[in-house]
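These notes are about the structure you will find just below.
The values are calculated or read from the model by the stated rules, or taken from the named source; none is laboratory data. Please read these numbers as outputs of a predicted model, since none were measured by experiment. Glycine also receives a Cβ, built like all others from the backbone with ideal geometry; neighbour counts cover every protein chain displayed. Please note that ligands, DNA and RNA were not included when accessible areas were found on the heavy atoms of the full protein model with its side chains. Shrake-Rupley method; radii C 1.70, N 1.55, O 1.52, S 1.80 Å.
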Amino acid sequence: MLGGVRPSGQRRSWWLREALTEESARSPHLGSPSAAPPLRGTTTADVVVVGGGYTGMWAAYRMTELEPGARIVLLEADICGGGPSGRNGGFVTNWWDELPTLVTRYGDSGALAMGDAMESAVDEIGAWCKRHGVDAWFLKAGSLGVSAAPAQDTAWDSGVAAARRLGVGDRYAAQTGEQVGLRIGSPVFRGGVFMPGAATIQPATLARGLRRVLLERGVVIHEGTRAHEIDGHRPAWLGSIGVAARTASRSRGAAGGIRPVRVRTASDAGHGEVLAGSAILALNAWAAGWPWFGRRLVTWSSYMVITEPVPDRLAEIGWVGGEGIGDGRFTLHYLRTTLDGRIALGGGGGRAGFGGRIDATFTDDLLSVQRAAAGLRRLFPVMRDVRIDDAWGGPIDISADHLPWVGTVTGRPIHFAHGYSGNGVGPSVVLGRVLAARALDQMLDPALGLPIATDPRQPRAFPPEPAKSIGARLIREAASRRESREERGEPVGRVTRELSRMSRRLGYHLGPE
Ligand SMILES: Cc1cc2nc3c(=O)[nH]c(=O)nc-3n(C[C@H](O)[C@H](O)[C@H](O)COP(=O)(O)OP(=O)(O)OC[C@H]3O[C@@H](n4cnc5c(N)ncnc54)[C@H](O)[C@@H]3O)c2cc1C
């Protein structure tokens with residue numbers, strides 16, 4: 001089934017290649033899309049955005065709405081959408097599945113406010129694409145959670161109970177095995193839950209569409225430009241630059257105002273620097289390498305495979321409505337279809353990164369690809385002989401409670417959002433609004449009233465390295481082993497079971513109960 005397909009390494013994901021081809025076709029006179037010029041020398045900005053994925057680009061877009069004249073400079077180490085925003089599964093889910101956690105954190109009304117905000121974000125993406133002529137295949141066909149083994153049968157119970165109690169039972173509704181079977185046929189599907197408000201998109205087309213609109217609106221984008229020092233801080237792997245520089249960065253300028261944020265960059269064109277009134281760090285998993293955030297994020301790889309077009313096979317199993325599917329594993333399998341009748345499947349059974357480095361673990365891991373392909377064969381045995389056309393991976397930024405973290409560095413106009421824990425497509429719209437309002441000091445913006453914005457929470461810190469990465473790796477491997485054995489109906493050894501549960505016992509949401 002996998003044939004000669006290998007993970008694509010630094011090569012673009014299938015989605016991004018498709019989106020770039022589409023971009024060239026729209027402007028044939030320009031040839032293949034060229035990167036925005038790297039930064040060279042010193043420049044100034046009202047706001048500098050570091051990171052050209054959804055978070056950075058939604059924040060920049062929102063700023064162009066809030067203050068059309070603001071000078072916004074966006075720095076991206078690769079090309080916009082080159083990271084997970086152009087590599088993900090394209091599931092635009094809301095947060096009804098997070099209700100129990102949200103209720104614990106924000107109470108009933110806060111949880112409902114967050115659920116509503118995330119549900120609106122799904123529609124907002126659809127409306128935005130329409131408004132800006134971005135054909136990102138937005139399809140609001142809902143998302144189906146399926147139990148694919150007896151051990152998964154209760155995976156949604158607490159969420160369904162919470163949704164019913166809060167009067168939103170129709171947005172997160174339990175499904176019998178028969179109901180699931182009426183939608184999509186698989187011999188291993190047993191029942192589950194349906195979220196009608198979820199959608200799917202072509203993720204890279206959305207990212208590239210955002211980039212185009214930002215350029216049209218005058219946002220200055222520098223691609224191939226890596227920020228290696230922000231406000232006197234460097235990522236862990238570059239080493240410290242000394243206490244003196246860090247102290248100086250907190251001091252005030254000669255005029256008594258807050259010193260500008262200084263971002264130093266490197267690119268093929270040489271070194272550069274941006275001096276800005278405020279900064280937005282939209283670094284996703286790369287944030288784990290920076291001293292402010294390293295202890296509060298674990299990085300994890302997720303890999304996807306995509307099949308050859310099989311519209312007839314999809315018709316045979318009744319999967320013609322475009323629903324997204326996720327199984328009940330903690331090391332989740334998520335699947336969706338494409339416009340030309342392919343299946344794209346992702347697996348959360350990847351590996352933990354080390355020390356905040358985003359390296360080949362996240363893009364070149366054949367074992368994780370094989371696991372994803374095996375997931376497809378198990379969930380849909382009729383697809384056993386279907387060819388896999390491509391495979392790729394990317395990093396996921398996991399916080400201790402599985403909720404993203406939006407905040408501001410103490411005493412400095414540096415705002416950040418990350419920790420999406422594998423669910424950032426919809427939430428990045430909401431957090432982009434929060435970041436934009438903070439960066440432009442628009443304190444009356446409704447986004448700043450959301451519980452996630454007013455919450456002073458710092459996600460729980462993980463142990464220092466190497467304990468963090470080694471622990472995460474052991475626990476996730478145990479979870480993956482346990483869940484695969486449960487699927488096959490095999491006994492799970494005591495050591496594996498206890499290890500897989502250990503993170504929950506220690507208060508981290510890194511494995512199953
Ligand atoms: C395989 C996979 C499947 C996924 N599937 C889904 C899904 O179906 N649904 C869902 O909701 N979420 C999914 N996710 C998660 C989702 O992709 C992310 O939550 C989302 O893309 C986060 O957007 P972002 O802008 O914060 O981060 P990113 O898209 O990672 O953007 C961050 C950018 O910052 C750049 N950068 C980093 N450091 C620097 C620096 N020092 N200087 C300049 N630039 C820098 C990077 O190059 C990168 O482009 C998936 C993730 C992966 C990897």
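Here is how the numbers come out for the structure above:
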item: Distant-in-sequence amide H partners of Val49 (H built 1.01 Å from N, under 5 Å); result: Val73, Leu74, Leu75, Ile280
item: Residues with amide H under 5 Å from that of Leu297, placed H, sequence gap 5 or more; result: Phe462
item: Rg(Cα) / (2.2 N^0.38 Å) computed for the chain, rounded to two decimals; result: 0.94
item: Assigned charges on the beta-carbon of Lys, Arg, Asp, Glu; the chain dipole about Cα centre (debye); result: 1300
item: Solvent-accessible area of Asp389 with every protein chain in place, 1.4 Å probe, in Å² to the nearest 10; result: 50
item: Under the Karplus curve 6.51 cos²θ - 1.76 cosθ + 1.60, θ = phi - 60°, whole-Hz ³J(HN,Hα) for the stretch 301-318, x wherever Gly or Pro sits; result: 8, 10, 10, 10, 10, 10, 8, 5, x, 9, x, 5, 5, 4, 5, 4, 9, x
item: Carbon/sulfur fraction of accessible area - the stretch 3-135, other protein chains in place, 1.4 Å, %; result: 50
item: Computed accessible area, Arg433, all protein chains, 1.4 angstrom probe, square angstrom; result: 70
item: Inter-label distance for Ser120 and Thr42, nm, one decimal - labels placed 7 Å from Cα along Cα-to-Cβ; result: 4.2
item: Over the chain, relative contact order from alpha-carbon pairs under 8 Å, at least 6 apart, %; result: 21
item: Sites Gln179 and Ala315 - FRET efficiency at Förster radius 22 Å, r taken between beta-carbons, to 0.05; result: 0.65
item: For the stretch 422-449 versus the stretch 153-213, the gap between their alpha-carbon centres in whole angstrom; result: 25
item: Accessible-area value, Leu332, 1.4 Å probe, nucleic acids and ligands omitted, Å²; result: 60
item: Rounded to whole Hz, the Karplus (6.51, -1.76, 1.60) HN-Hα couplings of the stretch 137-150, x for glycine and proline; result: 6, 4, 9, 9, 9, x, 10, 10, x, 10, 7, 10, 6, x
item: Length released on extending from Arg6 to His271, taking residue separation times 0.36 nm less the Cα-Cα span; result: 91.9 nm
item: Residue-normalised accessible area of the stretch 365-477, given per residue in Å² at a 1.4 Å probe; result: 34
item: Accessible-area ranking of Lys468, Lys130, largest first, probe 1.4 Å; result: Lys130, Lys468
